[in-house]
Amino acid sequence: MNEAPREAGRLEVQGLSLSFGGLKALRDVSFAVEAGSITALIGPNGAGKTSMFNCISGFYRPQQGRILFDGENVTARHAPARAKLGFARTFQNIALFRGMTVLDNIKLGRHAHMKSNALQALAYWGAARREEIALREEIEKRIIDFLEINHIRHMPVGSLPYGLQKRVELARALAMKPRILLLDEPVAGMNREETEDMARFILDVKEEWGTTILMVEHDMGMVMDISDHVVVLNFGQVIAQGLPSEVQADPRVVEAYLGSGDPAALMKRINETQEAA
Amino acid sequence: MSDELLFFTEVSLAGLGSGALLSITALAFVLIYKATRVINLAVSEILMLGGYLFFAAAAGFGLPAWIAIPLAIIGGGIVGAIVERGVIRPMLGESAISVFMVTVGLGSVLVGLAELTWGTDPRTLPEFMSNTPIFLGDVYLSPKIAIAMAVAAVVVPLFLLLFRFWRGGVALRATATDQAAAYSCGINVPGVFSLAWIIGCATAAGAGILLGAIGGISPAMGVFGLSALVVVIVGGLDSVAGALIGGLVIGLVEALAGTYLGGEFKMVTTFGILIVALMIRPYGLFGTTEIERL
Amino acid sequence: MTAEPILEVNNIEVVYNKTVQVLRGLSLSVERGKVVTLLGSNGAGKSTTLKAISNLLTLQNGALTAGDIRFNGESIAAVTPHGLVRKGLFHVMEGRRIFEDLTVEENLTAATFALSGRGLKPMPFERVYNYFPRLRERRNGRAGYLSGGEQQMLAIGRALIAQPSLMLLDEPSLGLSPLLVEEIFTIIARINRETGVSMLLVEQNAAVAFAVAHYGYIMETGKIVLDGPTERLMSDQDVREFYLGMSGGEGHKSYREIKHYKRRKRWLS
Amino acid sequence: MRIATAKQSYSSDEALLRTNTQWAWMGILALALLAAPFLLDGYWLYLACLVTINVASATGLNILTGFTGLVSLGQAAFMAVGAYTVAVLQRDVGTPFLFNLLAAGALTAIVGVLVGLPSLRVKGLYLAIATIAASFILHFVFVNWQSLTNGPSGISLEPATFFGAPLTSNFHLYWVFVPITALMVLGAANLFRTRIGRAFIAIRDRDISAEVLGIPLLRYKLLSFAISSFYAGIAGGMWAYFFRVVTPESFPFITSIFFLAAIIVGGMGTILGGIVGAVFMTLVPELLRFLVEWASPFVPNAGTLLSPVRTVVFGALIVGFLVFEPQGMAEIIQRIRRFFHLWPFRK
Amino acid sequence: QDNQEIVIGGSIPLTGVFGFAGVGIEAGMQDYIKILNEEGGIDGRKVRLSYEDTGYKVDTSVAVFNKLTSQDEIHLYYGDSTGFAKTINPELDRRGTMIMAGASFASELNDPAKFPAQFLAGPDYTEMVSILLEFIAKEKPGATIMLVNSDTEFGRDPIAKTKERASALGLEVVGEIITPPTAVDVSTEVLKLRRARPDYAIFHGYILAPLPEFMNQAKQLGLETKFMGTFWSMDSSIWADVGEAANGFMGVMPYRYYYDTEAAPMLDKIREMRPQYQSTAYTQGFLTAMLLTEAAKRTLAAGQELNAKNLKASLNTIKDFDTGGLIGVPISIPGNSIPVGRIYQYDAAAKQMKPASDWISVQE
Ligand SMILES: Nc1ncnc2c1ncn2[C@@H]1O[C@H](COP(=O)(O)OP(=O)(O)OP(=O)(O)O)[C@@H](O)[C@H]1O
Ligand SMILES: Nc1ncnc2c1ncn2[C@@H]1O[C@H](COP(=O)(O)OP(=O)(O)OP(=O)(O)O)[C@@H](O)[C@H]1O
Ligand SMILES: [Mg+2]
Ligand SMILES: [Mg+2]
């Protein structure tokens, strides 16, 4: 099978609003994610980033606004249909299927693109058999090797360390034949070394697969280093967007989100409190 | 009052009365669920056991009712404590269905033990309630049903108040949500578990005495618990108010269906209501919606 | 310091499911009034260490098979988990672990059980809301609907309510915005300096951890491999490279220029 | 861990039986099944047939509850639908045996889908109770749809004929039931190496994230209900041919509990679990019978003790397994297997 | 071969909801067999009861049947429930080796064409209710009747025929109450009863509950209704602890009570063997064993092989047969049942059932 990666898609969000009861999680949010780019979505806690992801992947229905994918309006589509279109994501709180092995979790990603029906499945015959074997081969060759998870492929995901679980989530998303990859805090809870690994994989996906990537992340070191474009949300609204360097310098962003961004300054502050005490 | 209206009123009142009995039993489910997230199907058998314990005390040892009743209720509580300690606590952290099935198994064990101890013959409890008929105007109310109503009218509001104003209510619900986190907040998790099971089972045993007084006792009387379970599902598994209102609604509907459609329609109507209620409110009328987030 | 440490962990071993050994003879101690940080890569056993200290292992099928742990000089083995909390040892668990079905306020109420039997005055919730204004806005909403970061704030808020003498913090910065990380760590430091609460802090963000901590331990696969006062650790070549991401002595290396090979850590050799 | 062997190809790596030992065990099992009817007396042959029916049904329930996580307490009612279908067809239409069984499966699948409709919104134990409701409603239909079901007194069946041979004795039925059940088990095993089985498991583990990963929830939940009730229907049909009478009281609610208990004791979410659970739960009460027989000279009233003791044991088995071995017998078997694989290297 | 023992198989509900009956049934069968064996058995062959508890569950009964028949050659069988009788019927027909009677008096079984290898040791449920109706028609012509039945196969059994029969006798059925099998609280049903104010209420499909509560509440309400039941509600021991409320309960009984005073040699024998009260179930078991073995006796006497056809034919030759007084009149079994019975009434003070009528036969 060994298909070429699917062409990257361009995502555009127009005037999206979402509220829960009285709480306005998103207000008139518009931004675009260019095909083949890495775009970061950042903002304070509770700003609405995960909610945005949920709208894009079809889990939440926004009250207003449109989501365009390569110019096509996908707002009305259900989540599984969007998955088939090429929306693939990972989750802020890891959502692997604990009853399955790593390999099966990854295979699951391909679900929407397979065709076998229940009868063929019961008989393991025809399309079902062909598809499964081809899928296995492709996953082995293109995903498992790529993400360096050979050694764990038959392990149940539950017993894996956190960092590897995140990697398996990425693998599953890649198996979805993504045209846009939505990563929700891919390096949260990782130390420097593991963050480096993940950053490398993300860059490689972009370079080798050419997939569009939209990422939520609080690790500013990584965000600023690897993203091409940064969108900043605050209280459900876009307060800034642009190149990483531009955003980093934006005083509103610094005030609402970034802070000093410098451990040395933090230490100083702490020592001041100490002296004050 | 016209004859037809009188009849309707009597039927409705009788329905509300048996609804009250359902409510009390439902309460046993709710208490345990609230603290441990376990649907304890063995409530049915504890109920049966309550009836038998009363029987043993009152008929076997010839104790007066005012001693036999507390004894049976305490007995139910003790069984609850033993069960909780012995099999429920080791199941901490297992899936809801597993624990549910444990209680199903327990129920089976209790039925078997009751059969071994008391045999399978149906029995009649010694009379301990007043037998004077109650007439509200022209409207007749069976005295036993009236007592069930009175008990429900005391017990259910008591628990409502308890959960509203007592800090322990928070502890109960916290424990249900996340035991490790509850521990780490200094909540005595095993204590909460035991407490919920003791009170829940004692309540069930009490309901068993009332039920036994009305319909006699037998090892199979626990099926009544299934009706109470329907009540809990309609009312919401974790809602005391739901148990009360669900019980009354189901009691009323059953009575009306049984009277105007025929006895064979009682169960289908109840279960029909159950399905409709769930389609409209998947977590019961007053149950807490499970949080589903990505 | 002459006073005995508030926490002493001596050569503990922990086994999960009777089969997987996770800790192999780990020792550490926390001096009274100090902040101590415990660093290590994923799966090293940091959370396991904290769970062993707060006696929560059994809930996860884990068991302490060797060694002992002393809190305030008393062995914890015979104390129940909630008993420990009521003696002043509070564990802010990994992964937030707030009570989803309870409101924000009820979550704080739940934490007041930690005060039982210590004769402390309950702290007004207002103080927590002052630290985390977002929580005040959402006080009557169900905590399960909070965003990830908001939940983390609530978890720390609960620890404040509990007024412990030793706080175990498991990755408090996880998922928090950079600004909030700074604020929380300032708050943590403030609490420590103001109230003298001792702290054992597990963190992935080594930079901020070093900023507040007085002393640090670094662990790998169930053992401590390096320890020392924070200043000394921060000058260690490997710590700088693997935990702080500094290449050589100058600034940070860029994630874009990461080489596709890895240098082995010296302590693993 | 098992030392990895170099695999010929991915297709052999995806096969159901991967090692020679596995093939050997299968061969032994097949031989035993072939020899059984010649070695067993009437009683054991009766039990053997009953076991095959129960295995088929338990496997079906396992697909729904064990693999998809949709707890059903309606299995008995589903079997009843299958049994009634067969009975009515046999009585009124006279269609052939296999056709009747398939029709029973198909009709039950449709009923299953209807019962499953609330499953998108109604979850967990709420759903379980809803299935109880559905089964009581079905029971009501069986009792009251007199013209079709003959009401409370039910329907008696003529023995079936299978390609001309009458299926009257258990010996005959055995030869038909065993292959049918074997095929059903094989089908279930196959299912879980394809995308459909994976989707089921994903739904069990976390349905909302499964949806975002491209699995239409309602469709798959209903599919699971359909396949599972198809199995139940066929098992019910076999039941009808086995006992040759179907009444509304043939499938009491306790039967649903029995099957749930069987898959729990056997091991939820493993094919092996459904099989061993059904075998075990069917045979244990019978073994108790022999135990009581041996004990009867020493224990007064042993005969009257049997049934309560059986009730206690039934309950205690469920409790015991859940408390001490929540993964069920399948896990024990796996552990034994692992032990033997490692055997030379471990004491 | 001639000296080989004759085995009666039995799926007997020693426990479960019908356990109270099963224990008596077993004792009754054993006692009759003992008497028979002391008299030399059948044609010199000893008789033995081989039985197991079923817990009153159909599947267990079937398993017991299969087990017992694979252990012994069995020609006579005792079955415990209607469900079992129907479930095993095809197998009985297929084997053609035995006849069966049992604890079920289901009307459906009273059909020699459909159940050629089975019979009932008494009237079927419809016949029982008919006997009650005959009695009512005589005691109070034109009386009004309420039918109360449990929503089970057992309970619904006689309903349809009863109405026909009642109108033929000039009685008026003023209502029907069907209670769910698990109902304990019957307040609303009592209200229905109160509204209809029938002269008689005939209960069928119950053992005890919910009868006492019905009678209690009816008394509170000052209803004059007389309460009646059928065989399985008629044992005096189950009414003993109900107390005063039970007084006056009536029902149909095909057999004599243990404490009956009219002359009955077989009862004397029983009382000699068992000085304590024996239940009606005991008598049922006793009599069933008597009839089963009588059929075998007659078959062997005719020099025929013991198989279903011969046994049943022999059974049907029973005419004006004396049961030793267990049934107050000589009986005949032309078909599948013995349609005679008598009305008894409960006397709470004596804790006994007292005869309230003569023996009534509803044989056409
Ligand atoms: N299903 C929901 N019901 C109610 N409120 C919700 C729901 N989902 C999110 N919210 C609220 O919407 C706001 C935005 O939440 P969201 O999870 O999108 O934040 P976020 O930007 O991802 O934050 P974080 O960085 O902390 O993860 C929060 O205040 C949250 O409490
Ligand atoms: N309940 C458990 N059962 C079995 N193994 C476990 C369990 N909990 C943790 N482990 C294993 O123990 C090891 C240490 O886990 P622990 O959570 O203590 O690591 P950690 O250092 O806190 O890692 P992280 O940075 O991911 O939080 C890991 O390999 C993990 O897989
Ligand atoms: Mg988020
Ligand atoms: Mg950790």
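The values are calculated or read from the model by the stated rules, or taken from the named source; none is laboratory data. These figures come from a predicted structure and were not determined experimentally. When we count neighbours, we look across all protein chains shown, and the Cβ atoms used for this are built from the backbone with ideal geometry, even at glycine. For accessibility, only protein heavy atoms count, side chains too; no ligands or nucleic acids. Shrake-Rupley method; radii C 1.70, N 1.55, O 1.52, S 1.80 Å.
Looking at region C:146-169 only, could you name the residues that are farther than 25 Å from A:GLY48 by Cα, within 16 Å of ligand 2 (Cβ to nearest atom) and within 11 Å of another protein chain (Cβ to nearest Cβ)?
C:LEU168
Only one residue in B:ALA72, B:ALA148, B:ALA57 is open to solvent by less than 50 Å² (accessible area, probe 1.4 Å) and more than 19 Å from the chain's Cα centre (by Cα), so which one is that? Explain how you work it out, then say what you get.
Values: B:ALA72 fails: more than 19 Å from the chain's Cα centre (by Cα); B:ALA148 fails: more than 19 Å from the chain's Cα centre (by Cα).
B:ALA57 is the lone residue from the list that is open to solvent by less than 50 Å² (accessible area, probe 1.4 Å) and more than 19 Å from the chain's Cα centre (by Cα).
Among strands (runs of 3 or more DSSP E) lying entirely in region A:162-259, which contain 1 or more residues that are more than 23 Å from A:ALA35 (Cβ to Cβ) and touching a residue at least 12 places away in the same chain (Cβ under 8 Å)?
A:229-234, A:237-242
When the residues of region C:128-145 are filtered to those that are more than 23 Å from C:PHE185 (Cα to Cα) and facing chain A (nearest Cβ under 9 Å), which remaining residue is most open to solvent (accessible area, probe 1.4 Å)?
Checked region C:128-145; the qualifying residue most open to solvent (accessible area, probe 1.4 Å) is C:TYR145.
Please state which of the following conditions A:MET176 fails to meet, knowing it meets all the rest: (1) open to solvent by less than 10 Å² (accessible area, probe 1.4 Å); (2) within 16 Å of ligand 3 (Cβ to nearest atom).
(2)
Quick one: which of C:VAL30, C:VAL35, C:VAL15, C:VAL9 is within 28 Å of A:LYS166 (Cβ to Cβ), assigned by TED's automatic domain parsing to the domain that holds C:ASN205 and modelled with pLDDT of 90 or more?
Numbers: C:VAL30 fails: within 28 Å of A:LYS166 (Cβ to Cβ); C:VAL35 fails: within 28 Å of A:LYS166 (Cβ to Cβ); C:VAL9 fails: within 28 Å of A:LYS166 (Cβ to Cβ).
Of C:VAL30, C:VAL35, C:VAL15, C:VAL9, the one residue that is within 28 Å of A:LYS166 (Cβ to Cβ), assigned by TED's automatic domain parsing to the domain that holds C:ASN205 and modelled with pLDDT of 90 or more is C:VAL15.
For region B:155-187, which residues satisfy the criterion of being polar (S, T, N, Q) and modelled with pLDDT of 90 or more?
B:THR175, B:SER184
How about region C:1-17: which of its residues are within 12 Å of another protein chain (Cβ to nearest Cβ) and either part of a loop (DSSP other than H, G, I, E, B) or among the β-branched types (Val, Ile, Thr) (or both)?
The one that is within 12 Å of another protein chain (Cβ to nearest Cβ) and either part of a loop (DSSP other than H, G, I, E, B) or among the β-branched types (Val, Ile, Thr) (or both): C:ASN17.
Limited to region E:240-264, what total is found for residues that are surrounded by 15 or more Cβ atoms within 10 Å (Cβ to Cβ), away from every other protein chain (no Cβ under 14 Å) and either free of Cβ contacts under 8 Å to residues at least 24 places away in the same chain or over 24 Å from E:GLU134 (Cβ atoms) (or both)?
Count: 2.
Checking the condition within 22 Å of D:VAL55 (Cα to Cα), modelled with pLDDT of 80 or more and over 21 Å from the mean Cα position of the chain (by Cα), which residue from D:LEU317, D:LEU288 passes?
Criteria check complete, one pass: D:LEU288.
Condition (residue is modelled with pLDDT of 90 or more and not β-branched (Val, Ile, Thr)) applied to region B:114-131: is it met by at least one residue?
Yes, because at least one residue in region B:114-131 is modelled with pLDDT of 90 or more and not β-branched (Val, Ile, Thr).
Of the residues D:VAL313, D:VAL279, which is touching a residue at least 60 places away in the same chain (Cβ under 8 Å), open to solvent by 30 Å² or more (accessible area, probe 1.4 Å) and either part of a helix (DSSP H, G or I) or not assigned by TED's automatic domain parsing to the domain that holds D:ALA58 (or both)?
Just a single option satisfies the conditions, and that option is D:VAL279.
Within region D:32-40, does at least one residue satisfy the condition of being assigned to a helix (DSSP H, G or I), within 14 Å of chain E (Cβ to nearest Cβ) and over 23 Å from D:TYR231 (Cβ atoms)?
Taking region D:32-40 and keeping what is assigned to a helix (DSSP H, G or I), we get D:32-39.
Retained after the next criterion (residues that are within 14 Å of chain E (Cβ to nearest Cβ)): D:37, D:39.
The next check asks that each one be over 23 Å from D:TYR231 (Cβ atoms); those that pass are D:37, D:39.
Checked region D:32-40: at least one residue is assigned to a helix (DSSP H, G or I), within 14 Å of chain E (Cβ to nearest Cβ) and over 23 Å from D:TYR231 (Cβ atoms).
Given the criterion surrounded by 17 or more Cβ atoms within 10 Å (Cβ to Cβ), hydrophobic (A, V, I, L, M, F, W, C) and within 16 Å of ligand 2 (Cβ to nearest atom), identify the matching residue among C:LEU89, C:LEU56. Full working, then the answer.
Numbers: C:LEU89 fails: within 16 Å of ligand 2 (Cβ to nearest atom).
Just a single option satisfies the conditions, and that option is C:LEU56.
Could you please find all residues in region A:13-38 being more than 9 Å from ligand 1 (Cβ to nearest atom) and in contact with a Phe, Trp or Tyr (Cβ under 8 Å, 6 or more places away or on another chain)?
A:VAL13, A:ARG27 - these are the residues of region A:13-38 that are more than 9 Å from ligand 1 (Cβ to nearest atom) and in contact with a Phe, Trp or Tyr (Cβ under 8 Å, 6 or more places away or on another chain).
Please verify whether A:GLY46 is touching a residue at least 60 places away in the same chain (Cβ under 8 Å), open to solvent by less than 30 Å² (accessible area, probe 1.4 Å) and either at positive phi or assigned to a strand (DSSP E or B) (or both), treating the condition exactly as stated.
no
Could you please find all residues in region A:105-134 being over 24 Å from D:VAL212 (Cα atoms) and facing chain D (nearest Cβ under 7 Å)?
Step one: of region A:105-134, the residues over 24 Å from D:VAL212 (Cα atoms) are A:119-120, A:122-127, A:129-130, A:133.
Matches in region A:105-134: A:LEU122, A:ALA123, A:TYR124, A:ILE133.
Would you call D:LEU107 open to solvent by 10 Å² or more (accessible area, probe 1.4 Å), within 21 Å of the chain's Cα centre (by Cα), at the interface with chain B (Cβ under 8 Å from one of its Cβ atoms) and farther than 21 Å from E:GLU153 by Cα?
Spelling it out, it is not the case that D:LEU107 is open to solvent by 10 Å² or more (accessible area, probe 1.4 Å), within 21 Å of the chain's Cα centre (by Cα), at the interface with chain B (Cβ under 8 Å from one of its Cβ atoms) and farther than 21 Å from E:GLU153 by Cα.
Restricting to region C:149-193, name every residue that is touching a Ser or Thr at 6+ places or on another chain (Cβ under 7 Å) and within 10 Å of ligand 1 (Cβ to nearest atom).
C:GLY149
How many residues does region C:24-51 hold that are within 9 Å of ligand 2 (Cβ to nearest atom) and basic (Lys, Arg)?
2
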